[in-house]
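The values are calculated or read from the model by the stated rules, or taken from the named source; none is laboratory data. It should be emphasised that the depicted structure is a prediction, and the values quoted were computed from it without experimental measurement. Note that we place each Cβ from the backbone using ideal geometry, even for glycine, and neighbour counts take in every protein chain shown. Only protein heavy atoms, including side chains, enter the accessible area calculation; ligands, DNA and RNA are left aside. Shrake-Rupley method; radii C 1.70, N 1.55, O 1.52, S 1.80 Å.
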Amino acid sequence: MSDVTASPAPRGIPLRLLVRGAIIAAIALLALLPVLNQLPAGSAFRVSDFTVAVTGKWICYGVLALAIDLAWGYAGILSLGHGAFFALGGYAMGMHLMRLIGPRGVYGHPILPDFMVFLGYQHLPWYWLGFDHFPFALLMAMLVPGLLAFLVGWLSFRSRITGVYFSIITQAMTYALMLAFFRNDMGFGGNNGFTDFKELLGMPLNTQGARAALFYAALALLTGSLLLCRHIVSTKLGRVLMAVRDAESRVRFLGYSVTAFKLFVFVLSAVLAGLAGALYVPLVGIINPGDFAPGNSIEAVIWVAVGGRGTLIGAILGAFSVNALKTWLTSFAPDLWLFVLGGLFVAVTLLLPHGLVGLFRRPLK
Amino acid sequence: MNRILLVLMFLLAVVLPAAAQDSYLDALPGLAGGFGSQAEAVERLGASGDPRALPLLRALSEGQLRKRGTTILLPNGSDAATGQPADATDAETVRINNRVRSALRGALGRLQLVSISSDERFAAANSVFRSRSAENIPALEAAISRESVPRVRERQELALAASRLVAPEDAVKRQGIAILGGATSEDSRALLLEARATNPSLAGEIDAAVASIDSRLIYKRAAETLFQGLSLGSVLLLAALGLAITFGVMGVINMAHGEFVMLGAYTTFVVQEACRGIPWLLPWSLPLSVPAAFLVAGLAGAALERGLIRHLYGRPLETLLMTFGVGMILQQAVRLAFGAQNREVLSPAWMQGTLSLPGGILITQNRLWVIVFSLLVLGLALAAIRLTRFGLEMRAVVQNRRTAATMGIRTGRVDALTFAFGSGMAGMAGVALSQIDNVSPNLGTGYIIDSFMVVVFGGVGSLMGTLVGAMGLGVLNKVIEPWAGAVLAKVAVLVIIMLFIQRRPRGLFALKGRAAEA
């Protein structure tokens, strides 16, 4: 995409325009899905509810992959804990959705969510205050992952923890969060997490209309994130980030504050992941501590590797294709899926270092 | 005079058992009466110390006694008085109420005090200790005078002291306080504190006894925490040692390390199943598993290094992702081959049981063996690196690959062997873990993050650092656990490591000199 990595344009229609056209066409095609969902049941072009729901999920995964690619592909920061930022954003939105259930829970308590009544809570814990307002929850879905990323990033980057060390620390971070969220007395529903959501912004979930609205919100987030990331990597900021990726100490000797640049991109990436999680939860209707599992984060990294890191569009492509493969394969041979996923890790790193996008490109070096 | 005494003693010896038998026979018909007379009969049977009373009262408490008039029938249909088979027509079950039940509990406890099995006597002493009633004092005193097993005797003396504590006379109470104050147990402390509320006159003595217990309990708790910490640390050490070689020395990050540990545990299971056919070999299946697990995991490691990792040298992030995929495949392969449920690996008899140290400290033997084993493996690794030709070549390749190659060392072969060695150690860790953890396909995932933390904390490339790191983290974890809970302790340790790395980014034992710059 960017000037640095794109190959020289061939004769005829410039490749860049071709790619840009393909992306716009793909987004338009995606935008058509909820419309086709409205068609009568007998129609040949009708898209099932399942397809819309699953594609909406993939779009959120696409944003997560984009966030990982921004940090890994451009600044060389391989985070194995991005699933934690995703899940934290999801939990923030989940808390809002839980508050909106109100007295419609099984226990019918006017204020407390079901699990709190069940666990014998007397009042709402202080950190649940404010989550009955949508803007506050949305803010928290960005702020909490952002702050955590700032803290972990600041502690790590300033003491020059790089490469695999940083990867392991972020993996330990998501592991620790998973353990913590599994606890009942954390006030986040323990291992059941949140589910049984009723409505969001006044529209009842689990209707065609709500699904379509969430789908478009996710698509807007994906398009917006893609444009933002593209803008970042094509400015001087992006050049510095790539320089940090390729030769960190040289950039430092040139007088740049490497810590600040890395911190910026890592926090931004975490915020994007948090937003993706916040949209993911109303789409799938559940969030639980399993989303913090280290395996989820590393699976998201492989989406980026499969698509081609350092290409932005490759990350999205990878998220869609790996998840499409997963959905297709787990429906008839669930035992095989882990072999295929493991095989993907091996094959991509050994045989396809530039991912799917690399197939359409001349080798860089 | 002496002769008269002798005669008297002889008479006593003859008459006493007879009297006891009489009290058994006397009490028996009471069981057929109302609840009041039943309770009284139970008390008398408990005091009789007669060997026939224990099975009788047990049958009564289980509702298996029947009566026919005043004759009591045992579950096998015989007359409880004579032991002869009796007519059981129209016999009805003997029913009891709560009052009789509570009398039964005390009586059974007292009778078990003279049971043949030492385990039963120990349990009886424990139940008397908990029920504590001054009425138990004579039975306990009698039992103590006959007791020969020190463990049971100690327990009985504690029970006696506890019973004395509730006796009506202050002098007897003082005796009890003195003995309880000499014990090192939470139970005695709780008993004393309970007695303090009802005996204001003895408050001074009780406080002194409690203080004496507390001063010894501190040491006991510290010793137990230390042991638990070392036990956890030895597990971490075992899991991290192989990693200290592959990651620390070679710089290859192997996320499939945990799966090699898992392979070692499954090898142990397979060796055990293979030994089932040869009964005399079965107790030794565990020692046999150690070399087997080393070989299996080592070969898997060599294959991984030669087949895949070799092509990714110098690209650590790709190596990380690739080995994670390999781990996933291994895990799924084992899951399909052995099933997802836990497999049971037995502990040989010589590893079971607990060791009790002076001061009331209890140590489970298999955990002690794991500590010993981890130190042995550490010694093995150190010896292999420092004393053997292979170790010398390995250090040469790590320090300067090109110079080593010019000196005629086949660096590719050394790489493969080093990686196989580190993976083999993971396999041996699996043998030990099969003793204290569930053998399941995801056994390794629980240890991989902790192991990396140990290696980073201890200092990359230093085996002694790994030892100190593992033991330090293990003890730290167990020190935090009592007041934060197991999960929060884990989280806290992770946070502490993060903060520690701020101060010493290269770990506790940082390499110095040229090797550090590589």
How many residues does segment A:159-180 contain that are within 7 Å of chain B (Cβ to nearest Cβ) and of a type in the set (S, T, N, Q)? 3
So if I check each of A:G146, A:G153, which one is within 14 Å of chain B (Cβ to nearest Cβ) and at pLDDT 90 or above? A:G153
Hits in segment A:281-307 - residues which are within 11 Å of chain B (Cβ to nearest Cβ) and among the charged types (D, E, K, R): A:E299
Taking segment B:311-321 as the search range and keeping residues that are out of contact with any Asp or Glu (no Cβ under 9 Å at 6 or more places or on another chain) and of a type outside the set (K, R), which one is farthest from the other protein chains (Cβ to nearest Cβ)? B:G314
Extreme residue, farthest from A:A347 (Cα to Cα), among residues of segment B:272-308 that are open to solvent by 50 Å² or more (accessible area, probe 1.4 Å) and in contact with a Leu (Cβ under 7 Å, 6 or more places away or on another chain): B:R276
If you scan segment B:357-367, which residues turn out to be part of a helix (DSSP H, G or I) and either farther than 19 Å from B:L230 by Cα or touching a residue at least 40 places away in the same chain (Cβ under 8 Å) (or both)? B:N366, B:R367
Out of all the residues in segment A:135-145, which are surrounded by fewer than 16 Cβ atoms within 10 Å (Cβ to Cβ) and of a type in the set (A, V, I, L, M, F, W, C)? A:L139
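Rundown of residues vs (1) among the aromatic types (F, W, Y); (2) free of Cβ contacts under 8 Å to residues at least 24 places away in the same chain; (3) within 14 Å of chain A (Cβ to nearest Cβ); (4) more than 21 Å from B:A429 (Cβ to Cβ), yes/no style:
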position	(1), (2), (3), (4)
B:W284	yes, no, no, no
B:A293	no, no, no, no
B:G298	no, no, no, no
B:A303	no, yes, yes, no
B:I309	no, no, yes, no
B:T323	no, no, yes, no
B:Q341	no, no, no, yes
B:M351	no, no, no, no
B:L355	no, yes, no, yes
Taking A:V322, is it within 14 Å of chain B (Cβ to nearest Cβ), open to solvent by less than 30 Å² (accessible area, probe 1.4 Å), in contact with a Gly (Cβ under 9 Å, 6 or more places away or on another chain) and closer than 27 Å to A:Y91 by Cβ? yes
Those residues of segment B:73-130 which are of a type in the set (V, I, T) and open to solvent by 40 Å² or more (accessible area, probe 1.4 Å), in sequence order: B:T82, B:T89, B:T93, B:V114, B:I116
Which count do you get for residues in segment A:252-261 that are assigned to a helix (DSSP H, G or I) and open to solvent by 10 Å² or more (accessible area, probe 1.4 Å)? 5
Taking only pairs six or more apart or across chains, which ones have beta-carbon atoms under 7 Å, a first residue in segment A:89-102 that is among the basic types (K, R), and a second residue that is modelled with pLDDT under 90 and not in a helix (DSSP H, G or I)? A:R99/A:F131; A:R99/A:D132
Hey, among A:G102, A:G108, A:G120, A:G42, which residue is surrounded by 14 or more Cβ atoms within 10 Å (Cβ to Cβ) and not aliphatic (A, V, I, L, M)? A:G102
So the helices (runs of 4 or more DSSP H) completely within segment B:252-352 holding 2 or more residues that are more than 31 Å from the chain's Cα centre (by Cα) are B:285-307, B:316-338
Considering residues that are away from chain A (no Cβ under 14 Å) and without any contact (Cβ under 8 Å) to a residue 40 or more places away in the chain, the number found within segment B:464-508 is 1
Spot the failing condition for A:P289; the list is (1) within 30 Å of B:E305 (Cβ to Cβ); (2) open to solvent by less than 50 Å² (accessible area, probe 1.4 Å), and only one is missed. (1)
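Quick one: is A:G342 facing chain B (nearest Cβ under 10 Å), open to solvent by less than 10 Å² (accessible area, probe 1.4 Å), under 24 Å from A:A71 (Cα atoms) and not polar (S, T, N, Q)? Lay out the reasoning, then the answer.
Numbers: facing chain B (nearest Cβ under 10 Å): yes; open to solvent by less than 10 Å² (accessible area, probe 1.4 Å): yes; under 24 Å from A:A71 (Cα atoms): yes; not polar (S, T, N, Q): yes.
Considered against the rule, which asks whether it is facing chain B (nearest Cβ under 10 Å), open to solvent by less than 10 Å² (accessible area, probe 1.4 Å), under 24 Å from A:A71 (Cα atoms) and not polar (S, T, N, Q), A:G342 comes out as yes.
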Mind telling me which of the residues B:R146, B:R196, B:R151 ends up being out of contact with any Phe, Trp or Tyr (no Cβ under 6 Å at 6 or more places or on another chain), within 30 Å of B:A432 (Cβ to Cβ) and open to solvent by 60 Å² or more (accessible area, probe 1.4 Å)? B:R151
Just for segment A:325-339: of the residues that are in contact with a helix residue (DSSP H, G or I) (Cβ under 8 Å, 6 or more places away or on another chain) and within 14 Å of another protein chain (Cβ to nearest Cβ), which one is nearest to A:G295 (Cα to Cα)? A:L338
Criterion violated by B:M428 - all others in (1) within 30 Å of B:A337 (Cα to Cα); (2) at pLDDT below 80 satisfied: (2)
Residues being of a type in the set (K, R) and within 14 Å of another protein chain (Cβ to nearest Cβ) - total across segment A:181-213: 1
Looking at segment B:139-148, can you tell me whether even one residue there is within 32 Å of the chain's Cα centre (by Cα) and part of a loop (DSSP other than H, G, I, E, B)? yes
Take B:S451 and decide whether it is within 14 Å of another protein chain (Cβ to nearest Cβ) and at pLDDT 85 or above. yes
Of residues in segment A:221-239 being small (G, A, S) and open to solvent by less than 60 Å² (accessible area, probe 1.4 Å), the one farthest from A:A28 (Cα to Cα): A:G238
Going through segment B:436-448 in order, the residues found to be more than 13 Å from chain A (Cβ to nearest Cβ) and open to solvent by less than 20 Å² (accessible area, probe 1.4 Å) are B:V439, B:S440, B:L443
Please work out which residue is nearest to A:S156 (Cα to Cα), limiting yourself to segment A:232-270 and to residues that are touching a helix residue (DSSP H, G or I) at 6+ places or on another chain (Cβ under 7 Å) and aromatic (F, W, Y). A:F266
Out of A:I161, A:I169, sole residue that is among the aliphatic types (A, V, I, L, M) and part of a helix (DSSP H, G or I): A:I169
Residue under question is A:T174, and the condition is that it be open to solvent by 10 Å² or more (accessible area, probe 1.4 Å) and of a type in the set (V, I, T); does it hold? no
